[in-house]
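Have a look at the structure below before the remarks.
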Amino acid sequence: MSKIKGIRQKIIDKDYYISSHAEDEMLGDELERVDIENAVLKGKIEKKLTKDIRGIRYRIE
C-alpha cells in the first residue's frame, strides 16, 4: 500500500488525531477538520520532506 493510501485509510477509519498545536494553526488559518480530511482524501503528495527533526512529513497539494 502506498503512503498516501495508508494515510487516506487512517482518515476513513477515523484512526488518527490532530495535535493541539495543529488545531491552533488550523484555527488561525480558519480551517476545520473536514478541510484537512478533504485535502488528504482528494489531493496528491507534492513533496516528501525528510529533513525535519520531527520525522518525515508530506506536503499534499
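The values are calculated or read from the model by the stated rules, or taken from the named source; none is laboratory data. The shown structure was predicted, so the numbers you read here are calculated from the model rather than taken from an experiment. Because the Cβ atoms are built from the backbone with ideal geometry, glycine has one as well, and the counts that use them run over all protein chains shown.
Some values worked out for this structure:
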quantity	calculated
Odd one out for residue 43 among (1) surrounded by 13 or more Cβ atoms within 10 Å (Cβ to Cβ); (2) modelled with pLDDT of 95 or more; (3) not aliphatic (A, V, I, L, M)	(2)
Set 12, 4, 60, 53: member being in contact with a Gly (Cβ under 6 Å, 6 or more places away or on another chain) and not acidic (Asp, Glu)	60
Any hit, segment 17-34, residues being on the phi > 0 side of the Ramachandran plot and not aliphatic (A, V, I, L, M)	yes
Residue in segment 2-23 that is among the charged types (D, E, K, R), in a loop (DSSP other than H, G, I, E, B) and surrounded by 10 or more Cβ atoms within 10 Å (Cβ to Cβ) present	no
Tally of residues being within 11 Å of the chain's Cα centre (by Cα), surrounded by 14 or more Cβ atoms within 10 Å (Cβ to Cβ) and among the hydrophobic types (A, V, I, L, M, F, W, C) across segment 24-40	2
Selection within segment 29-61 - without any contact (Cβ under 8 Å) to a residue 12 or more places away in the chain and part of a helix (DSSP H, G or I)	34, 35, 38, 42
